[in-house]
Amino acid sequence: MSERARPGRTPTVVVAAVIEREDAFLVTLRRDGTHLAGCWEFPGGKVHAGESHAAALCRELREELDVEARVDSLVRSVTHKYPEKTVELHFYRCHLRGVPTPMLGQQMRWVPRAELARLPFPEADSTLVDLLTR
């Protein structure tokens, strides 16, 4: 039975970093074998029980990219239902301390604003990509 068919199912809370440098955004490619493999995404991940959004985002950026981060303002929040799960996604503007290095074997790149909409992103990211490319 899909999550969509289970009433009252709690969404998975996820945070993601909007990191901009010289009119380009840092994105990573979801690895094979993961949910939404082959899509580009803004780095981040699941919020653990009892963890603040900022703490979760700093932890995820350390784990994924080996950098420290300062979490700034909330850019956008969205709840999206995929067939297999519902995600509550919060995008925060972040500033990095250090040089990001992919730690999990994922691809990473800085994508110019004008090219962002050409990449495949998860459906839940579409309103953010629209906002950033306007």
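The values are calculated or read from the model by the stated rules, or taken from the named source; none is laboratory data. Keep in mind it's a predicted model, so treat the numbers as computed, not measured. Here the Cβ is made from the backbone with ideal geometry for all residues, glycine too, and neighbour counts use every protein chain on show. With ligands, DNA and RNA removed, areas are computed over all heavy atoms of the protein, side chains included. Shrake-Rupley method; radii C 1.70, N 1.55, O 1.52, S 1.80 Å.
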- Output the residues belonging to the range 23-35 that are of a type in the set (D, E, K, R) and without any contact (Cβ under 8 Å) to a residue 40 or more places away in the chain. 32
- Note on the structure: With criteria (1) open to solvent by less than 60 Å² (accessible area, probe 1.4 Å); (2) more than 22 Å from residue 132 (Cβ to Cβ), residue 48 comes up short on (1)
- Query: Is one or more of the residues making up the range 33-41 out of contact with any His (no Cβ under 6 Å at 6 or more places or on another chain), open to solvent by 50 Å² or more (accessible area, probe 1.4 Å), at pLDDT below 95 and more than 19 Å from residue 123 (Cβ to Cβ)?
  - Reply: yes
- Message: Here are the criteria: (1) without any contact (Cβ under 8 Å) to a residue 12 or more places away in the chain; (2) within 20 Å of residue 134 (Cβ to Cβ); (3) of a type outside the set (Lys, Arg). Tell me which single one residue 18 does not satisfy.
- Response: (1)
- Item | Total residues in the range 6-20, condition surrounded by 11 or more Cβ atoms within 10 Å (Cβ to Cβ) and either not basic (Lys, Arg) or not in a loop (DSSP other than H, G, I, E, B) (or both) | 10
- Any idea which of 61, 128, 116 is part of a helix (DSSP H, G or I), more than 12 Å from the chain's Cα centre (by Cα) and at pLDDT 95 or above? 116
